[in-house]
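Contents: one structure, followed by commentary.
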Amino acid sequence: MAQGGRKVVIGVDESAFSEQAFSFYVENFHKDDDIVYLVHTPERYNFVDASPAVLHELLDEINKKVRGLEATYQQRLQSAGVKLANFVTRDNDAGEAIVSVAKEEKAQLIVTGCRGMGKIRRTFLGSVSDYVIHHAHCPVLVCRK
């Protein structure tokens, strides 16, 4: 196995679903030598009609949210005793980012939350967990509430 142990990718955002998936991993699957990659994709905004001042303000807000989320999860990692972890931010769709990082890092497991959307919403909006399940090269653990 990889030096340092298993490589585990966990999709994170500001939602309770993400927190539950992280907690489930820590409480049920975490091993001391696991290397954890927390993958986050910030919200996207339509910047087409934004003035330079508004654009600058929005980018600052996005960066502030990402830094805050990273600090929150660094604290959770420390509290849970996770020693080897990396926070990865990507600009593409969440599902694509999670699968991409898992492939690049040769992860043995992906953990993601599930918002529990119905069939109609999932059909029109898509589902991160559905995308990950169908495109990942490794096992995927989808944590339902």
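The values are calculated or read from the model by the stated rules, or taken from the named source; none is laboratory data. The structure displayed is predicted, hence computed values, not measured ones. Ideal geometry is used to build each Cβ from the backbone, glycine not excepted, and the neighbour counts take in all protein chains shown.
Annotations
- Within the range 87-119, the set of residues being exposed (fewer than 13 other Cβ atoms within 10 Å of the Cβ) and either in a loop (DSSP other than H, G, I, E, B) or of a type in the set (S, T, N, Q) (or both) comprises Asp91, Asn92, Lys106, Gly116, Gly118.
- Residue that is more than 20 Å from Val128 (Cβ to Cβ), of a type outside the set (Val, Ile, Thr) and surrounded by 12 or more Cβ atoms within 10 Å (Cβ to Cβ), where the choices are Leu69, Leu38, Leu55: Leu55
- None of Val88, Val99, Val36 is at pLDDT 95 or above, of a type outside the set (Phe, Trp, Tyr) and within 17 Å of Glu14 (Cα to Cα) except Val88.
- A Cβ distance below 7 Å, combined with a sequence gap of six or more or placement on separate chains, defines the contacts here; from the range 17-37, residues that are closer than 17 Å to Glu105 by Cβ reach residues that are of a type in the set (S, T, N, Q) in the pairs Tyr37/Asn86.
- Where Tyr25 falls short, out of the listed (1) outside any loop (DSSP other than H, G, I, E, B); (2) loosely packed, with under 14 Cβ neighbours inside 10 Å: (2)
- Apart from one condition, Asp13 fits all of (1) in a helix (DSSP H, G or I); (2) modelled with pLDDT under 95; (3) not hydroxyl-bearing (Ser, Thr, Tyr); the exception is (1).
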